[in-house]
Structures are given as C-alpha cells and as structure tokens.
Amino acid sequence: MGVESQTILVVGGGIAGITAAVEAAETGYEVVLLEKEPSLGGRVTKLNRYFPKLCHPTCGLEINYQRIKKNPRINVMTMSSVADVSGETGNFTVSVKREPRFVNANCTACGECANATSTEVANDFNYGLDTVKGAYLPHEHAFPMRYVIAPDAAKADGDAIKAACKYGAVDLDDQGETFDLNVGAIIWATGWQPYDANNLTSYGYEMPDVITNVEMERLASHDGPTKGEILRPSNGEAPKKIALIQCAGSRDYNHLPYCSRICCLGSLKHAAYVREQYADAEVDIYYIDIRAHDKLESFYVKLKNDPQVNFIKSKPAGIEADENGNPVVCGEDTINRDVYATPYDLVVLATGMQPSTACGKPPVEIEEDEYGFLVPKAGEVDGQISAGVASGPLDVSMSVQSATAAALKAIQAVRNNA
C-alpha cells in the first residue's frame, strides 16, 4: 500500500514536543504540533531555572519559538488533544478535539479583556497558588501570545469583554471543534505530571506550609504568586528553617516504585534559591541517597560545603503540626540512629514524575511499561514513537536528546512507507 501522508504529528508542546517538531520540520517534513494547554512550553516554562546552566526557561524556549515562527512547515494547534487514532504507519487518521478559547488570532495581548471582567479563576500556571482574571494571558512568555477567556468569564461577563476589545478578537460563539488529520507518523510527547502529594497522607500536605517541589519553583519565580519571594503560605513571612524531603512518594512501592531522576538536583536547586534570598536561613535536606549525575555533581559539592545546608540521611516517617500549626518532621537519622521531631517554617516535598498517560491513556494501542510510560518496541521502525518524559523519567537535556531521536525515527517511518 502506498503512503498517503508524510506529515508528522507531534502530540504535546513541551520541550520534547517542540524539539521533535522543529527537528522534523527543518529536514523538510510537514509537522502538526498539538498542545492541550493554551500555550507551548509544558512543565519547563513553569520552572524558575533549569539545569545544566540554571537558565531561565526563556533562554532555551525562545530560541525554539523563533524556529517555529520562521518555519512554514510547522502548524501549531493549542487547546487541542487527540480523541481517536485509526490506521497504520503512513496512513493514520487522527481525530482532534479543540476546546474553545473564545479569542481568535486578531488578539494583540493588550489586556483590555482582563480589565473588563470581575470573574477570577484558579491560576493553573502557578499550580493554583493564586488566581487570575477570567480573561487572561497564560503567562508572560506565552506562545502564542494570545489571551484566553475562561468559560465562566465568557458566561458572566462576555458582553463586557467583547465590547472592550478593539480588534474583534473576542469570539463568544466559539464552541470548539472536532476534525480529522491524515498523518504518516505520530510522536507522543505527552510529558508528565507531578505525583499527587495528597496521596502522601503521612506527610501533611494539607498544612499550608507543606508544599511540593513544583510549587517551590513558582514561589521562586519572578512571575510567580509571590513575585519571586520565597514566603510561607500560612502568613507571608520569610522562612528561616526549611526542610527539603527527597523521594516523597518515589522509590516507594506504595506510590511510585522508580526514581524520577530530577528530584535530587531539584532540591539542591531549591536550597540554593533559599540561600540566595536569605543569608541567615538554614536548610535541611532529608535523603535516601543523592543522585547528582555527570557534571552536575559539582553543584552538589557546592551545596555540601555550605555550612547552613545540612544533609540528613533519612526517610522521614511523617509530618505533624505543633501547637502553632508549624510542620514538624519526624523520623530516624539512618547514620546516627537518632530519633528526631524537628519543627520547620516550610517543608518542601520532592514529589516524583508520573507520566501524563498514567491517568489519561492515549486513545491508541501503544506499548507501556508497568509504570505507564510509553515504550514502543525497541529496534522496530514504527509510525508511533514516544519522546521525552512520555518514555521515562528524564531531565531537560535528556528530553531534548530523546525528542531529536524521536524525530529521526518518525522520518524513517514515513520514508520506509513511501
């Protein structure tokens, strides 16, 4: 059977999906890049800084956004997800569902729509740590740079929002749509989600001053809920004694049995954030073992030599609240065999990476490992390929390498079927 399409579909617009899309397009292939959120960037764009150079996300993402803008072979579709897949390599029919945005391409990001609504919604970009107006720009570095109107705001304040827009960009009749694509290969770059800390019942996530590692990134970010100041959620005060708990749910058969690779270095980075802001702060890192791979071990050594950063080899048993509501970390020091119950101003749980497909299976038959990561058969040139953290726990640089390899496999798949 002859090939009907050499278009490559990339599902997921995080760093892996973006990389796969630009690499495939720059070799001459038509690419459709689907992203379920209103803008590209995925989890990386929510970081304050990332390894290996501790860059701000704009550093690496903006280069790729420029590559997308300059390449007419890439068609970016946001607020879109795959509803169904049928067919075979070289001739897939993919049903795509696009959710309503209520804002069209005329948007100039002037912000008048936000001024016209009093409706507030949870800010997903900040993991719900604050709220935004119901007509909002996803974040300051959004691509595309276009506002979104939440359904509640469209219903409550739609007429006022539409009247405020001078460019005819508000489309209150937008109901979304479902349409089909014909593609030759599919790259699944569906990414990851933080493991739900509510499952860690002994770690007191219901306490305001117990947060997760991804929430810590937002607190440290200049465009986060506290404008970059690391503050206690309970009272807005500066924390002076902070606990960073490694493997919160990872390497645990009750939760995630595997190592998520990024958590140790993430916590070391958080210790550095605290020490940069507060010269008198003390940071305790509770760990099973520290996994700082390759050249990044030097970062670990730097923190190890900081007299105000303490490494405690222990898997804490639980977190309780003292009489003032402060979190108290309880457990046993593995080395000294001392039992501890230490109060802190702030506790950060290093929760692991769970594949997004673990809670929302892709609508297609594709092999998964026992943890839900997508693992097509090794050694076979097939039309469905996984990339980035969809294939297993990876850091940013490894995700980029994985995505480049996935682009090559997709090209091989459509060529072999030509």
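The values are calculated or read from the model by the stated rules, or taken from the named source; none is laboratory data. Small disclaimer: the values here were computed from a predicted structure and weren't measured. Cβ: placed from backbone, ideal geometry, glycine included. Neighbour counts: every protein chain shown.
Which residue pairs have Cβ atoms closer than 8 Å, lie 6 or more positions apart in sequence or on different chains, and pair a first residue in the range 53-70 that is in the same structural domain as Ala21 (by TED's automatic domain parsing) with a second residue that is among the aromatic types (Phe, Trp, Tyr)?
Close Cβ pairs (under 8 Å, with a partner that is among the aromatic types (Phe, Trp, Tyr)) amount to Pro57/Tyr50; Gly60/Tyr50; Leu61/Phe143; Tyr65/Phe143; Ile68/Phe143.
I'd like to check something: does the range 52-75 contain any residue that is at pLDDT 95 or above, touching a Phe, Trp or Tyr at 6+ places or on another chain (Cβ under 7 Å), crowded, with 24+ Cβ neighbours inside 10 Å and closer than 28 Å to Glu215 by Cα?
no
Considering only residues of the range 179-210 that are crowded, with 24+ Cβ neighbours inside 10 Å and either touching a His at 6+ places or on another chain (Cβ under 6 Å) or hydrophobic (A, V, I, L, M, F, W, C) (or both), which is farthest from Ala387 (Cα to Cα)?
Within the range 179-210, the match that is farthest from Ala387 (Cα to Cα) is Val210.
Within the range 371-384, can one find any residue that is surrounded by fewer than 20 Cβ atoms within 10 Å (Cβ to Cβ), of a type in the set (Ser, Thr, Tyr) and part of a helix (DSSP H, G or I)?
No: the range 371-384 contains no residue that is surrounded by fewer than 20 Cβ atoms within 10 Å (Cβ to Cβ), of a type in the set (Ser, Thr, Tyr) and part of a helix (DSSP H, G or I).
Counting just the residues of the range 330-366 that are in contact with a Pro (Cβ under 6 Å, 6 or more places away or on another chain) and either of a type outside the set (Asp, Glu) or in the same structural domain as Asp84 (by TED's automatic domain parsing) (or both), which one comes out farthest from Lys240 (Cα to Cα)? Spell out how you get there, then give the answer.
Pass one, the range 330-366, residues in contact with a Pro (Cβ under 6 Å, 6 or more places away or on another chain): 331, 344-347, 351, 353.
Right, trim to either of a type outside the set (Asp, Glu) or in the same structural domain as Asp84 (by TED's automatic domain parsing) (or both) and you get 331, 344, 346-347, 351, 353.
Numbers: Gly331: 21, Tyr344: 8, Leu346: 8, Val347: 11, Thr351: 22, Met353: 28 Å.
Out of the qualifying residues, it is Met353.
Among the residues in the range 87-101, are any at pLDDT 95 or above, of a type in the set (A, V, I, L, M) and surrounded by fewer than 17 Cβ atoms within 10 Å (Cβ to Cβ)?
No, the range 87-101 contains no residue that is at pLDDT 95 or above, of a type in the set (A, V, I, L, M) and surrounded by fewer than 17 Cβ atoms within 10 Å (Cβ to Cβ).
If you scan the range 385-415, which residues turn out to be under 14 Å from Gly12 (Cβ atoms), in a helix (DSSP H, G or I) and small (Gly, Ala, Ser)?
Hits for the range 385-415 are Gly388, Ala390, Ser399, Ser402, Ala403, Ala406, Ala407, Ala410.
Name the residue that is nearest to the chain's Cα centre (by Cα), counting only residues in the range 250-307 that are of a type in the set (Asp, Glu) and either not assigned by TED's automatic domain parsing to the domain that holds Gly228 or not in a helix (DSSP H, G or I) (or both). Steps first, please.
Within the range 250-307, the first condition is being of a type in the set (Asp, Glu), and the residues that meet it are 252, 276, 280, 282, 284, 289, 294, 297, 306.
Keeping just the survivors that are either not assigned by TED's automatic domain parsing to the domain that holds Gly228 or not in a helix (DSSP H, G or I) (or both) gives 252, 280, 282, 284, 289, 306.
Values: Asp252: 22, Asp280: 31, Glu282: 28, Asp284: 26, Asp289: 25, Asp306: 30 Å.
Filtering first and then ranking leaves Asp252.
For the range 309-343, what are the residues that are farther than 18 Å from Thr201 by Cβ, assigned to a strand (DSSP E or B) and not hydrophobic (A, V, I, L, M, F, W, C)?
Asn310, Lys313, Glu332, Tyr340, Thr342, Pro343 - these are the residues of the range 309-343 that are farther than 18 Å from Thr201 by Cβ, assigned to a strand (DSSP E or B) and not hydrophobic (A, V, I, L, M, F, W, C).
Can you confirm whether Asn48 is assigned to a helix (DSSP H, G or I), buried (at least 18 other Cβ atoms within 10 Å of the Cβ), assigned by TED's automatic domain parsing to the domain that holds Gly388 and not aliphatic (A, V, I, L, M)?
Values: assigned to a helix (DSSP H, G or I): no; buried (at least 18 other Cβ atoms within 10 Å of the Cβ): yes; assigned by TED's automatic domain parsing to the domain that holds Gly388: yes; not aliphatic (A, V, I, L, M): yes.
The answer is no for Asn48.
Scanning the range 125-148 for residues that are free of Cβ contacts under 8 Å to residues at least 40 places away in the same chain and not in a loop (DSSP other than H, G, I, E, B), which turns out nearest to Cys59 (Cα to Cα)?
Per the stated criteria, the residue is Tyr136.
In this structure, is Val22 in contact (Cβ under 8 Å) with a residue 24 or more places away in the chain and in a strand (DSSP E or B)? Give the derivation first.
Numbers: in contact (Cβ under 8 Å) with a residue 24 or more places away in the chain: yes; in a strand (DSSP E or B): no.
So Val22 does not fit the description; no.
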